[in-house]
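Reading through the structure tokens given below for one structure.
The values are calculated or read from the model by the stated rules, or taken from the named source; none is laboratory data. Keep in mind that what you see is a predicted model, and the values were worked out from it rather than measured. Glycine also receives a Cβ, built like all others from the backbone with ideal geometry; neighbour counts cover every protein chain displayed. Ligands, DNA and RNA are stripped out before the accessible areas are found, and what is left, the full protein with its side chains, is counted by its heavy atoms. Shrake-Rupley method; radii C 1.70, N 1.55, O 1.52, S 1.80 Å.
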Amino acid sequence: MSLAGRLAARLTQVRGRPVDVTGLQRLSGGASRETWAFEADGEPLVLRRDPPAAPQPREMAREAAALTVAARGGVPVARLVDHGDGAGTVGSPYLIMERLDGETIPRRLLRDSRFAGVRPGLARELGRILARIHALPPGEIADLPGGDPLAQIVAMYEAFAEPRPAIELALRRLARDRPPPGGDAVVHGDFRTGNLMVTPEGVRGVLDWELTHRGDPAEDLGWLCVKAWRFGSTHPAGGFGSRAELLAGYAEGGGTVPSAETLRWWETYGTLRWAVLCRQQAERHLSGAERSVELAALGRRVCEQEHDLLLALGLTEPSEVPDPLTERPPGPATPPHDRPGALDLIEAVRGFLTDEVIADGDERLRFHALVARSALGIAQRELLLGDAHRAAHHDRLAALGRRDDADLARAIRAGDLDDRMDEVVAAVRATVTDKLTVANPRHLAVPDA
């Protein structure tokens, strides 16, 4: 039976009458779960389900409970229609919710004129909403996980067995400057631009509760202010406003305002967390468990977060580097191959994606075509610069007496190079700059806020 047929059968059971499902369409985004829009007897609904090959029934049940408790607590969320483990229904654990009106795409929220009137007040409004979330009773959400967030993210990082010098520098600072616990609350876990449904009147809904857990409420405040979620804006609170505006709204909603130092610590932690999560998502592709251009591209975003960690620690500054693709003349093929060469073939595919797929494709296809175009650009830059970067990296490591990045990372953690820390930081900064010159050169010029 088709997915539309399975949805119709399930909703017929739920509503006790025949239900007609139409307009089923998979939406873009959502690297962890599938999201589908459809109509049930004309009512707009959304299905969120686990990939059938990777079901997580416990986590889905927890998200359903969190949505129910949040709605009771006055948090703007989509109404939950149904949920289950997927057995005999839609094929994997799922949620069916009302489809909210509004916009989630950050570039539109931060730039389109139709949101100009609401943008100035959004940081304060988001603070009030977070205060409501943190006032929810944790005991009403069954199986809500907790634990030490820093220890958990370190365990995830170490599981890859890829020690990274930039992350080791951040871990030392985070351990040294860690603030005392600031409370025990329901933490949304992914409260950021992109997971907020916004209309020209304000926030319509808080989405994606799959990472909800028990912890310090300052974690959500810091996560919203992570540089990655500003999408090029100079405003730290989700790209919408200042930290002061966010915290003012939080206080208005009854939240206990953390100190500036505590908020900055959680921002830095959030940047580290996003670096590790990008690597984790890429592993799904690299392992063969789920081949995906979106997941593959996330692996090349780790260096963006390494750079942002160095910025947050005051160990680097914004800089501008030329993009080698902007004025590159056609190159020869490698003998004995014919022209066009590899770089120009990649450029031809990028042009096809831009002119044909992105211009005319549906929303989901357009999103993945944009990701694919970016991935091809990374491949081109690596072909152009890889040999020079490899040689420079070898020389930097040799000057510090280290075999490879893993050896340098271990030395940073052990404190073996503390007497040469200026040299270490310079080497790490240069390596991250090289990686970003290939992955996303524009990111180097974006300042912290």
(request) May I ask you to say which residue of T256, T234 is over 22 Å from P138 (Cβ atoms) and hydroxyl-bearing (S, T, Y)? (result) T234
(request) Considering only the range 93-103, state which residues are touching a strand residue (DSSP E or B) at 6+ places or on another chain (Cβ under 6 Å) and either outside any strand (DSSP E or B) or buried (at least 20 other Cβ atoms within 10 Å of the Cβ) (or both). (result) Y94, L95, I96, M97, R99, L100, G102
(request) Mind counting the residues in the range 1-38 that are over 28 Å from V371 (Cβ atoms) and either acidic (D, E) or part of a loop (DSSP other than H, G, I, E, B) (or both)? (result) 6
(request) Looking at (1) over 17 Å from G121 (Cβ atoms); (2) open to solvent by 40 Å² or more (accessible area, probe 1.4 Å), find the lone condition where A244 falls short. (result) (1)
(message) Restricting to the range 39-77, name every residue that is in a strand (DSSP E or B) and under 22 Å from the mean Cα position of the chain (by Cα).
(response) V46, L47, R48, R49
(request) For G73, state whether it is open to solvent by less than 40 Å² (accessible area, probe 1.4 Å), out of contact with any His (no Cβ under 9 Å at 6 or more places or on another chain) and either of a type in the set (S, T, N, Q) or at pLDDT below 95 (or both). (result) no
(message) Tell me whether the range 224-231 contains one or more residues that are buried (at least 24 other Cβ atoms within 10 Å of the Cβ), charged (D, E, K, R) and under 16 Å from the mean Cα position of the chain (by Cα).
(response) yes
(request) For residues that are in a loop (DSSP other than H, G, I, E, B) and at pLDDT 95 or above, scanning just the range 78-92, find the one that is surrounded by the fewest Cβ atoms within 10 Å (Cβ to Cβ). (result) R79
(request) Look at the range 406-424 and say how many of its residues are part of a helix (DSSP H, G or I) and surrounded by fewer than 20 Cβ atoms within 10 Å (Cβ to Cβ). (result) 11
(request) Go through the range 10-20 and count every residue that is open to solvent by less than 50 Å² (accessible area, probe 1.4 Å) and either out of contact with any helix residue (DSSP H, G or I) (no Cβ under 6 Å at 6 or more places or on another chain) or within 14 Å of M97 (Cα to Cα) (or both). (result) 2
